[in-house]
1. With a ≥ b ≥ c taken as the square roots of the eigenvalues of the C-alpha gyration tensor of the stretch 249-325, please select rounded if a/c is under 1.5 and otherwise prolate if a/b is larger than b/c or oblate if it is not?
2. What is the angle, in °, between the Cα long axis of helix 342-354 and the longest principal axis of the Cα atoms in the chain? Nearest 10 is fine, range 0 to 90.
3. Using protein chains only and a probe of 1.4 angstrom, how many square angstrom of residue 352 are accessible, to the nearest 10?
4. For the stretch 209-296, what is the largest minus smallest coordinate of the Cα atoms on each principal axis, given in angstrom and ordered from greatest to least?
5. Please give the charge dipole size of the stretch 279-395, origin at the Cα centre, charges +1 on K and R Cβ atoms and -1 on D and E Cβ atoms. Round to the nearest 20 debye.
6. Can you find, among 237, 156, 42, the residue farthest towards the positive end of the dipole of the chain? Put +1 on the C-beta of Lys and Arg, -1 on that of Asp and Glu.
7. Go ahead and run the numbers for FRET between residue 4 and residue 111, Cβ-Cβ distance against an R0 of 35 Å, rounding to 0.05.
8. Relative to the longest principal axis of the chain, what angle (0 to 90°, nearest 10) does the C-alpha long axis of helix 85-101 take?
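The values are calculated or read from the model by the stated rules, or taken from the named source; none is laboratory data. The structure presented is a predicted model; accordingly, all values stated were derived computationally and were not measured. Glycine also receives a Cβ, built like all others from the backbone with ideal geometry; neighbour counts cover every protein chain displayed. Ligands, DNA and RNA are stripped out before the accessible areas are found, and what is left, the full protein with its side chains, is counted by its heavy atoms. Shrake-Rupley method; radii C 1.70, N 1.55, O 1.52, S 1.80 Å.
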Amino acid sequence: MEYIIAFTIVMVFMLIGDWISAATKAFIPSIFITAVLFTIGFWTILPKDIVAKASFNTSFIGIGISLLLVHLGTLMSLKELLNQWKAVCIAILGVIGTLVLTLTVGTLIFDWHTVVAAIPPLTGGLVAALLMTNGLKTAGITSLVALPVSMFILHSFIGYPLTSLLLRKEGHRLAEEFRSGKGKLDPNAPKMTGVGASLDTNKRILNLPEQYQSPIFIIVRVALVALLGNWLAGLMNGAVNANVICLILGVIAHQIGFLEDNALTRAGVFNWLMYGLLAYIFAQLSLTTPDIIAGIIVQILTLIVLGILGMFLASFVLAKPFGMNRAMAFACSLTALFGFPADFILTTEVCHTVAENEKEEEYLTQNMLPKMLVGGFATVSMASVIIASVFLKLI
């Protein structure tokens with residue numbers, strides 16, 4: 001009984017966020033509303049372990065995130081991934097803009113340890129925040145232990161609505177382009193919305209009879225690719241993040257016909273895994289309290305403003321040389337604030353609500369989602385882990 005109650009509460013919070021997002025046509029992102037609900041809940045009556053009791057524990061997440069990253073590889077062709085080098089450059093240079101402003105102006109306002117503890121989660125996701133938290137504990141700087149996780153939480157409250165606003169602007173521009181006939185769907189790109197048609201049997205490596213092409217067969221193949229990705233990361237002692245390897249192997253497996261387009265959606269488990277991962281991220285809100293936030297709110301907000309300003313300046317200057325709309329370029333830079341799965345959800349949510357029909361939605365998704373995903377992986381999965389590793393030595 002206790003577990004089903006916990007599961008129901010978690011799902012209801014996500015449902016409320018989803019409905020509010022739909023009612024406001026993604027002007028208010030669903031994950032922003034759900035994050036607010038979890039924050040209020042943890043500060044009042046929700047038990048801290050409600051997400052774990054709902055079955056979304058560390059084991060579930062360890063499996064789920066690897067499977068989801070392989071799945072994301074089936075949404076992009078190898079050619080498309082290579083084509084997004086501009087998004088990678090803008091996202092990385094946006095992070096550099098953040099580093100420059102926070103390490104110069106930030107250190108003039110606050111002490112060195114405060115700035116060093118706050119920057120990695122500002123330029124990356126949960127992994128960077130947890131690395132810095134553990135580093136501060138080891139160094140005995142207990143007064144700043146709450147800073148990295150609090151930074152990770154609070155910059156999301158600003159980053160989600162701002163990114164959604166920019167994506168909506170770009171979405172409306174692309175929609176007008178498509179309606180005028182200037183924009184065309186790429187017929188060779190994998191279908192990114194809906195279940196889509198079956199993979200051409202001539203492209204399959206394992207071209208078994210149709211009765212064997214079951215959902216569990218898809219899940220097993222995705223799991224094998226994810227297992228290979230984690231094994232390779234282990235061989236390299238984490239020199240390359242396992243998440244990045246899983247994404248790359250997903251692209252390759254899809255390219256050679258080992259995996260279908262939109263694999264986990266076909267298997268019927270994509271949404272389940274996605275909601276579980278989101279729930280786990282929201283569970284980190286239980287690590288903070290009103291008193292903790294009140295004690296460090298000025299430092300956090302000041303550094304967030306400096307960090308986002310650095311991303312804005314970099315993307316504003318680089319957008320035109322890289323042939324990208326400024327709103328899209330800024331959105332790519334902002335992926336450093338949250339990464340996957342928020343970048344995926346924000347983008348698909350905007351595409352769905354801005355588009356007037358399925359073809360239009362597919363066009364928006366083709367032109368926005370790869371940029372956001374690749375930008376997010378470049379910053380959160382690679383750059384932020386490197387930055388956190390370096391900054392740990394500076395504490």
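1. On the way: a/c = 4.43, a/b = 1.33, b/c = 3.32.
Here the stretch 249-325 falls in the oblate category.
2. It is inclined by approximately 60 degrees.
3. Number for this one is 120 Å².
4. Here the Cα extents, ordered largest to smallest, are 62, 32, 16 Å.
5. Working: 5 positive and 8 negative charges, 123 e Å.
Charge dipole of the stretch 279-395: 600 debye, to the nearest 20.
6. Toward the positive end, the furthest listed residue is 237.
7. Numbers: r = 48 Å, r/R0 = 1.37.
The calculated FRET efficiency here is 0.15.
8. So the inclination is approximately 0 degrees.
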